[in-house]
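Notes follow the structure.
The values are calculated or read from the model by the stated rules, or taken from the named source; none is laboratory data. All values derive from a computational prediction rather than experimental measurement. Using ideal geometry, Cβ is built from the backbone for each residue, glycine included, and neighbour counts are taken over all protein chains shown. Note: accessible area is taken over every heavy atom of the protein model, side chains too, but ligands, DNA and RNA are not part of it. Shrake-Rupley method; radii C 1.70, N 1.55, O 1.52, S 1.80 Å.
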Amino acid sequence: MQEQEVGVRLPNGDIMQARWVLPDKPNGLNAAVIAIHDIFGYSEDIERIARRLVDHGYAVLAPNLYDRPGAKPLCVVKTLKAHESGKGYSFDQLEACRLWLLEQTALPVSQVGLMGFCMGGRFALLYASRAPVQVVAPFYGGVPKNAAPLSGICPVVGGWGRKDLVYGDHGERLARHLGT
């Protein structure tokens, strides 16, 4: 396994830090995953998750959505605003990650998937409904009340804890939206 910090150029010229993790033995699918952190930000937890995916032959890019100009609390607030509105800078960050994966030369990538946790799960869902990605895996995270924001989404697989007091019913909501 190879790991390194990389900079992903954003549309406004800023550089966002991300962790790029490559498998020693790629699985031959030419696929990479963008792993989106939870509300607590880039942490050891998302690194551990990235390594688990790499163990199965996937390359993983784990961006730090809070890596933006300004004080960290303000970055968190702006990220959460995009989280609720479904638009904004955070979605530009995810698109820059997708393009970076397709353009990097360390490993051929022609398919991109997303995986997100809690806050990252909602970002993954909303971004996947408008981006040319092949699969999305939200774990926890808010599912829109109305199905319209998810029209055109790629295949979805995810998980929610039924007893969770905040998001416990969101998996069922997603299933209804997708007609499954």
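The table below lists the values:
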| quantity | calculated |
| --- | --- |
| Odd one out for ARG176 among (1) free of Cβ contacts under 8 Å to residues at least 40 places away in the same chain; (2) open to solvent by less than 50 Å² (accessible area, probe 1.4 Å); (3) over 20 Å from ILE46 (Cα atoms) | (2) |
| Residue within the stretch 98-113 that is open to solvent by less than 60 Å² (accessible area, probe 1.4 Å), small (Gly, Ala, Ser) and not in a helix (DSSP H, G or I) present | yes |
| Any hit, the stretch 59-81, residues being on the phi > 0 side of the Ramachandran plot and either touching a residue at least 40 places away in the same chain (Cβ under 8 Å) or surrounded by 14 or more Cβ atoms within 10 Å (Cβ to Cβ) (or both) | no |
| Residue list for the stretch 37-50, restricted to those being open to solvent by 70 Å² or more (accessible area, probe 1.4 Å) and either within 16 Å of ALA137 (Cβ to Cβ) or assigned to a helix (DSSP H, G or I) (or both) | GLU44, ARG48 |
| Unique residue being open to solvent by less than 30 Å² (accessible area, probe 1.4 Å), touching a Gly at 6+ places or on another chain (Cβ under 9 Å), under 26 Å from ALA31 (Cβ atoms) and at pLDDT below 95 when the list is GLY116, GLY171 | GLY171 |
| Residues of the stretch 51-89 satisfying the condition of being farther than 14 Å from ASP38 by Cα, outside any helix (DSSP H, G or I) and under 14 Å from the mean Cα position of the chain (by Cα) | ALA59, VAL60, LEU61, GLY86 |
| Test: residue in the stretch 7-24 that is closer than 19 Å to GLN134 by Cβ and over 18 Å from the mean Cα position of the chain (by Cα) | yes |
| Search result, residues across the stretch 4-36 that are touching an Asp or Glu at 6+ places or on another chain (Cβ under 8 Å), surrounded by 12 or more Cβ atoms within 10 Å (Cβ to Cβ) and within 20 Å of ALA96 (Cβ to Cβ) | LEU10, MET16, GLN17, ALA18, ARG19, TRP20, VAL21, LEU22 |
| Residue under evaluation ASP92, criteria (1) of a type in the set (Asp, Glu); (2) part of a loop (DSSP other than H, G, I, E, B); (3) within 13 Å of the chain's Cα centre (by Cα), criterion not met | (2) |
